[in-house]
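Here is the structure we will look at.
Please treat every number below as a calculation from the coordinates, not as lab data. Here the structure is a predicted model, which means the values were calculated and not measured. Virtual Cβ from ideal backbone geometry, glycine too; neighbours counted across all protein chains shown.
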Amino acid sequence: MQKQTEEKRSGQSRAAGLAVIAAGCMWGSMGLWVRRFSAEGLGSMQILALRAVVAVAVLGAFLAIYNRKLLRVRVGDLWCFFGTGVCSLLFFGYCYNRTILLTSLSVAAILLYTAPVIVTLLSFFLFKEAMTRRKLLALLLAFGGCVFVTAAPEGGHTMSTLGILTGLGSGFGYALYSIFSRFALERGYHPLTVTFYTFVFTFAGALPITDWAPILGFAAKQPGNLAYSIAYGIVTTALPYIFYTLGLRYVETSRASIMATVEPVVATLIGVLVLRERMTVMNAAGVLLVLVALVVLARDGMSARE
């Protein structure tokens, strides 16, 4: 019986890890979508508001059909969703979209992934998560990848002070999602509930400070734009946040945050293969360090289960 329980937990942990990595891959594609919206005249806050609208509509409709009980939350727990929706996503999304426009896809993603350092430290103090040697090594490798790519901007982009500040701001905001989500999950909420109310609060926060006219104009410009907007919300928002939050049920907060550093790898490859951004030796070394960090983290997880 004990062996079966351990095998079940091991299977859940592996599946959760794959869910987190899948989320990181989806987030890594965000730059492509943002560049398209930017070319159509949408600003950072409008792009973020569009994501929130689609996520609320899609998830709300799904939960109403799938299980309405998942829409129930306690008033005393709303601070968790304010934290994930406003303190994290609204702040992080604005900063990240601005950084994409000020720098390159890979630099923006790497600056975002200063988040694992923040998450690991906060998780140690708030959730008493263990600081293993391999986890620390994986963290250092991932952060080393951040430094390598940031130190060698590609594609003709310059590292402006504003770009660095908004990039670091996105990292701090993203870190808060993992922390507040963990609080919500520990209060018994389903990942779908956490994701839905996260975007309800994001939408509420964006509503009064967003100019909606360009968004409506873009959606009405041609039939394909509405479909593109819905696909953007599903691929870069609804699905990855569901996967990531689901992963947090069975993976340590700090470990999940490090796993998600697959995003800058995907962002860099998209930048090189699709947008023709130049990859330097430093960029390649940064990507390699992130991949090695994931391998080290996987080995740490296996040794912890032995």
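Quick notes on this one:
- Look at [x] 23.5; [y] 21.0; [z] 19.5: the one that is Kirkwood radius over Cα pairs in Å derived from this structure is [z].
- Pairs of lysines in region 2-305 whose Cα atoms sit within less than 27 Å of one another amount to 5, provided the residues are eight or more positions apart or on different chains.
- Ordering of 206-217, 249-260 by burial proxy (mean other Cβ atoms within 10 Å per residue, highest first): 249-260, 206-217
- The value of relative contact order for the chain, using C-alpha pairs under 8 Å at least six residues apart, is 38 percent.
- Cβ charges +1 (Lys, Arg) and -1 (Asp, Glu), total dipole of the chain, debye: 620
- C-alpha center-to-center spacing [region 44-108, region 192-269] in angstrom: 6
- The HN-Hα couplings worked out from phi for region 223-229 by the Karplus form 6.51 cos²θ - 1.76 cosθ + 1.60 (θ = phi - 60°) are x, x, 5, 5, 5, 4, 5 Hz, whole numbers, x standing for Gly and Pro.
- Positive end of the dipole of region 2-305 (Cβ unit charges, origin at the Cα centre): among 103, 117, 225, the Cα lying farthest that way belongs to 117.
- Highest-first packing order for the peptide set 19-25, 126-132, 170-176 is 170-176, 19-25, 126-132, based on the mean count of other beta carbon atoms within 10 Å.
- Karplus-based coupling profile of region 162-175, in residue order and whole Hz: 5, x, 5, 5, 5, x, 5, x, 5, x, 5, x, 5, 4, with θ = phi - 60° in 6.51 cos²θ - 1.76 cosθ + 1.60 and x standing for Gly or Pro.
- Karplus-derived HN-Hα couplings along region 64-79 (A = 6.51, B = -1.76, C = 1.60, θ = phi - 60°), whole Hz, x at Gly and Pro: 5, 8, 6, 6, 5, 5, 6, 8, 7, 9, 8, 4, x, 9, 4, 4
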